[in-house]
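Here's the structure we're looking at; comments come further down.
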Amino acid sequence: MTTLYLERASAVHRLNPVTKLVALLAIIAIVFAVPQWWVPLGIVVFVVVPAAVLARVGGRLLRLFLILLLPLLVVLFIVQGFFFPDGTTVLWQWGPARLTVEGLVFSLTIGSRLSALVLGSLVFVLTTHPARLMTSLTQAGMSAKIAYVISASLQIIPAFQERARSILLAQQARGLEIAGGPLRRARALLPLIAPLVLGMITDVDERSTAMEARAFGATPRPTSLTVVDDPLSERIGRWLLAATAAAVIVLVVVGVIA
Amino acid sequence: MIELRDVAFAYEDAPAFTLAHLDLDVAAGTIMGIVGASGSGKTTLAKIIAGFIPSTEGGTYRGTASVAGAVLSEGTLTEAVDVVGLVTQNPFNQISGARFTVREELAFGLENRSVERSQMIERVNTVAATLGLTPLLDRSPYALSGGQMQLVAIASMVVMAPPVLVLDEPTSQLDPAGTRLVYDVLGRLSEGGTTIVIIEHKTELLHEHCDAIAVLAGGRIVSTGTPASVFADDRLSTWGVGQTRITQAAREARTRGLLPATEPLPVGVSDGAAVFGTNGETR
Amino acid sequence: MNDLTIRIEALRHTYESGVEAVAGVDLTIAPGERVAIVGQNGAGKTTLVRHLNGMVRPTEGTVHIGDWSTSDKSIAELSHRVGYVFQNPDEQIFARTVESDVAFGPKNLGFEPEQITESVTSALEAVGLAHEAQVHPHHLSLSERKRVAIAAVLAMRTPIVVLDEPTTGQDEGGVRLIASIIDDLTARGITVVAITHDMDFCVENFERVVVMARGTVRADGSTEQVFADQPALEAAAVEPPQLARLARVLGWSETAVDPSSFVDAFERRRRG
């Protein structure tokens, strides 16, 4: 498996993936609608991080934050904080670099929105098995064919890696020296990409026939082996989340929140 | 159950017909073994019986192939797979590629058939148990050995319980124990009324398990009959099909005057024991 | 011309998953010998032979190919001494034409251009695919691709050749062809180590058989000895060749493994 999913026994993991997806979408809608920078920050601190801790994926989330998000936030702070063109309230100046209040607020707004979006999505991915997600989405009415395409694309990466690994091994067994570190390895892999992709395409052709042989597409409403619970409380929760997000957007539009 | 009448097929751009003037009958509930050298057209024949040709393969198709009374070339593949299940040669391309565990993989066909969940679980568990796959049910389909993947491919078709099952070299990557397991399952299915066509090189196993054998050579069926009669045929090696070592030994014993020429040549261990046993004791 | 002894000493291999695939194996194979390795799937056969060219490294113990310890050499270095044919040809074949796939090994091993042409041509002739040299491997059948995989290793002209289930998917003619390739290798002094499930092929082409079960060697000796060792075969769930099973049903003490010697034994018994 090359997805980020981490197997844990937690309430967050047990939630119906659709509920988590709706929550994620509601968070994204709210943080981008509301202009105040402290709203997304509050959501990160009081919703996203506690959820990650509850799901026991906090450590991994921190690591991903440091690798993926922190460098971006630093760049954002430097560029927008010091070089914000519309900045008037100067706090500190050195040459062309002016630290302005407006620049700080702008970088805080964008940075906190980005954090809520990325961290929220990461918690979703870390706690949701793709198979469960697909099942819950088909249960919620998504077409089986679309679900198949999404699942198959998630699986194609490990399949591809496995194939590349075995062919690379076979090439070494026929005298290809790749001991010179990652660069050499990459150079050995490069000529493999075309035949691997071609091979995959040939496989896809054969596989699509095999899928038909297993009655794929025979009925518009296939049943499912795995069933994801969808209790009433979660369905109510989803409506509440959606209603909250809608209410916030309306308040922003009519100008109550400005 | 299966009736092929004057069937011929040539692949697109191929210089010659892969199969020509082919007639074949398989009775309901029996196991038919198809043997022949590589390139004799066995896989093409399997695809015709399963309705894959002509529906998914371009080329020239003639004749009629009917399974359970339906002429497959007149319907869609989806209709054909209601009646016939095909286990293809390459198990890797038989798995859906969209399921994360072997259990889900086995259920895939049943889901597509809208089988009710409780029944689905029961059928998956039963088939997995008979093919020794129970310990693998929660594994990823990509984390299997070739032999295991082959068993999963067979199980994924068996679980759908089609009235006709066609298997193209289903035991090529299995050890003798795994091979026996597959044949035991096929035997039980046939007792339950399933009609089975199996392409296989292993003469001894076919002799043990099949009701009839058809020999394919150069795109035509050159011989059909009971396993005992077909596999003892002198012409077998000219068709590129292997005789068992017991048949070879019995033939040699016959030429050396040690066995009477009137008795049929044995193929397996039990008929071999009868022939060599009785003739060994006489003097 | 081949003086490389294979020496496997106290070998153990445990995979990351915790599975101990090889659990203490000692095995010496002399130059030019041909050895069949038999046993159920999962007995550790493939893991054992993958040590010979360094694709798998010892967790404990050592594997020597002549004076080289496989622990100190890269797979590429070891490929000068050991050619390895994978069980599944699709794990091995990658080039756009049969010819270029077969030429891959000789090129890496630094053959001269005319030597490459010569070794590729003769390897393709040996497996009966000379007429398919310019074909894309995808257009060949599985049994033909298996023979391409064998040719790719023959062309490397290594003193040791390892074959993982060479007869899979082959018809009678294919099996005979592979048997004749092995004869040819032996005639040139090349050591052949083969994994096989085909017991008839095993007894007719190998003078020495190693029986494996649960990562250990259960029996090792001449073909006749090993197939007479009923307890070891049963422990390893290895089914003896057909004529050996018949001999047992007939209550014979000797094990005749090929048709001619079986008929000889039959004749002796009739004479009484």
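Readers should treat all values here as calculations from the given coordinates under stated rules, not as data from a laboratory. Just so it is clear, the model here is predicted, and its values are computed rather than measured. Here Cβ is always computed from backbone atoms with ideal geometry, including for glycine, and neighbour counts include all displayed protein chains.
Listed conditions (1) touching a helix residue (DSSP H, G or I) at 6+ places or on another chain (Cβ under 7 Å); (2) under 12 Å from B:VAL215 (Cβ atoms); (3) crowded, with 22+ Cβ neighbours inside 10 Å are all met by B:VAL230, apart from (1). Among the residues of segment B:209-225, is there at least one that is farther than 30 Å from B:GLU252 by Cα, surrounded by fewer than 21 Cβ atoms within 10 Å (Cβ to Cβ) and hydroxyl-bearing (Ser, Thr, Tyr)? Checking segment B:209-225: not a single residue is farther than 30 Å from B:GLU252 by Cα, surrounded by fewer than 21 Cβ atoms within 10 Å (Cβ to Cβ) and hydroxyl-bearing (Ser, Thr, Tyr). When each of B:GLU104, B:GLU57, B:GLU79 is tested for being under 30 Å from A:GLN155 (Cβ atoms), buried (at least 19 other Cβ atoms within 10 Å of the Cβ) and either free of Cβ contacts under 8 Å to residues at least 12 places away in the same chain or not basic (Lys, Arg) (or both), the lone residue that passes is B:GLU104. Of the strands (runs of 3 or more DSSP E) lying entirely inside segment B:156-265, the ones with 2 or more residues being within 13 Å of chain C (Cβ to nearest Cβ) are found at B:212-217. In segment C:191-215, the qualifying residues are those that are crowded, with 20+ Cβ neighbours inside 10 Å and more than 12 Å from the chain's Cα centre (by Cα), and the one that is nearest to the other protein chains (Cβ to nearest Cβ) is C:ASP200. Could you tell me which residue of segment B:76-91 is farthest from the other protein chains (Cβ to nearest Cβ), considering only residues that are under 18 Å from B:ILE196 (Cα atoms) and not in a loop (DSSP other than H, G, I, E, B)? Once the filter is applied, the top-ranked residue is B:VAL83. With respect to being in contact with an Asp or Glu (Cβ under 7 Å, 6 or more places away or on another chain) and either part of a strand (DSSP E or B) or touching a residue at least 60 places away in the same chain (Cβ under 8 Å) (or both), B:VAL152 fits the description.
Consider segment B:111-127 and keep the residues that are among the polar types (S, T, N, Q) and surrounded by fewer than 18 Cβ atoms within 10 Å (Cβ to Cβ). The one that is nearest to the other protein chains (Cβ to nearest Cβ) is B:SER114. Just one of the numbered conditions (1) free of Cβ contacts under 8 Å to residues at least 24 places away in the same chain; (2) within 14 Å of chain C (Cβ to nearest Cβ) is not true of A:MET142: (2).
Residues that are at the interface with chain B (Cβ under 7 Å from one of its Cβ atoms), touching an Asp or Glu at 6+ places or on another chain (Cβ under 9 Å), farther than 28 Å from C:ALA213 by Cα and among the hydrophobic types (A, V, I, L, M, F, W, C) within segment C:232-272 comprise C:PHE262, C:VAL263, listed in sequence order. Annotation note: Cβ proximity below 7 Å between a residue of segment A:148-168 that is within 7 Å of chain B (Cβ to nearest Cβ) and a residue that is crowded, with 16+ Cβ neighbours inside 10 Å and in a helix (DSSP H, G or I) (sequence gap 6+ or interchain) occurs for A:SER151/A:PRO130; A:SER151/A:MET134; A:PRO158/B:TYR142; A:ALA159/B:TYR142; A:GLU162/B:TYR142.
Considering only segment C:78-85, I want to know if a residue exists there that is aromatic (Phe, Trp, Tyr), more than 9 Å from chain A (Cβ to nearest Cβ) and closer than 21 Å to C:ASN2 by Cβ.
No, segment C:78-85 contains no residue that is aromatic (Phe, Trp, Tyr), more than 9 Å from chain A (Cβ to nearest Cβ) and closer than 21 Å to C:ASN2 by Cβ.
Looking at A:VAL123, A:VAL105, just one residue is β-branched (Val, Ile, Thr), closer than 25 Å to B:SER140 by Cβ and touching a residue at least 24 places away in the same chain (Cβ under 8 Å), and that residue is A:VAL123. Criterion applied to A:ILE178, A:ILE167 was being out of contact with any Gly (no Cβ under 7 Å at 6 or more places or on another chain) and farther than 29 Å from B:GLU104 by Cβ, and the one residue passing it is A:ILE178.
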